[in-house]
Amino acid sequence: MQNYSWYQQLTKPAWVPPAYLFGPVWTILYILIAISFGKVFIMAWQKQLALMVALPFILNLLFNFAFTPIQFGLKNNYLAAVDILLVLGTLVWAMLAVWPHAKWIVYLNIPYLLWVSFATVLQLTVTYLNR
């Protein structure tokens, strides 16, 4: 709760979504991520995809899971901004890498791409407003 109150005290743009929206959105996104990333990892394990195709998916998960501890544990907007840029960058890389092999995986990740793009703009804005 203390970390949440820290975030509540930050200056945020008027267009920040309400807090209750994040849980349901991420629940849906994590289902899509589990299906699509899981398929990539299975295909890489079965040698149907090169490890280099799976690499951006692995990095994306690492950066994605690092965001909350950075933002709310370390309370570091600057590191969180760098991290969310890495989440976005590795997601775009992953989608480009898998496109020639399984287009449906790219389509399934469009909602994730849209949300992460929005989250990136939001985090960069929060970081700027609280510099």
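The values are calculated or read from the model by the stated rules, or taken from the named source; none is laboratory data. Values in this document were obtained by computation on a predicted structure and should not be read as measured data. Neighbour counts are summed over all protein chains in view; Cβ atoms, including those assigned to glycine, are modelled from backbone coordinates with ideal geometry.
Among the residues of the range 26-40, is there at least one that is modelled with pLDDT of 95 or more, of a type outside the set (Val, Ile, Thr) and under 21 Å from Asn130 (Cβ atoms)?
no
Looking at the range 1-16, which of its residues are modelled with pLDDT of 95 or more, surrounded by fewer than 12 Cβ atoms within 10 Å (Cβ to Cβ) and not hydroxyl-bearing (Ser, Thr, Tyr)?
Pro13, Ala14, Trp15
Given the structure, is Trp26 in a helix (DSSP H, G or I) and either in contact with a His (Cβ under 6 Å, 6 or more places away or on another chain) or closer than 18 Å to Leu122 by Cα (or both)?
yes
Is it the case that the range 47-54 has a residue that's part of a helix (DSSP H, G or I) and farther than 14 Å from Met95 by Cβ?
yes
Check Met52, Met43 and return the single one that is touching a residue at least 12 places away in the same chain (Cβ under 8 Å), under 24 Å from Tyr107 (Cβ atoms) and over 20 Å from the mean Cα position of the chain (by Cα).
Met43
Within the range 106-116, which residues are surrounded by 15 or more Cβ atoms within 10 Å (Cβ to Cβ) and either in a helix (DSSP H, G or I) or acidic (Asp, Glu) (or both)?
Residues satisfying the conditions are Val106, Leu108, Tyr112, Leu113, Trp115, Val116.
Does the range 62-91 hold any residues that are assigned to a helix (DSSP H, G or I), surrounded by fewer than 16 Cβ atoms within 10 Å (Cβ to Cβ) and touching a residue at least 12 places away in the same chain (Cβ under 8 Å), and which are they?
Phe72, Gly73, Tyr78, Leu85 - these are the residues of the range 62-91 that are assigned to a helix (DSSP H, G or I), surrounded by fewer than 16 Cβ atoms within 10 Å (Cβ to Cβ) and touching a residue at least 12 places away in the same chain (Cβ under 8 Å).
Checking Tyr128 against (1) in contact with a helix residue (DSSP H, G or I) (Cβ under 7 Å, 6 or more places away or on another chain); (2) exposed (fewer than 14 other Cβ atoms within 10 Å of the Cβ), which test does it fail?
It fails just one condition, (1).
Here are some residues: Phe57, Phe72. Which one is modelled with pLDDT of 95 or more and closer than 26 Å to Leu122 by Cα?
Result: Phe57 is the single residue among Phe57, Phe72 that is modelled with pLDDT of 95 or more and closer than 26 Å to Leu122 by Cα.
Which condition does Lys12 not pass, out of (1) part of a helix (DSSP H, G or I); (2) under 23 Å from Leu129 (Cα atoms), if it passes all the others?
Of the numbered conditions (1) part of a helix (DSSP H, G or I); (2) under 23 Å from Leu129 (Cα atoms), the odd one out for Lys12 is (1).
Do we have Lys103 as surrounded by fewer than 17 Cβ atoms within 10 Å (Cβ to Cβ), at positive phi and modelled with pLDDT of 95 or more here?
Criteria not met by Lys103.
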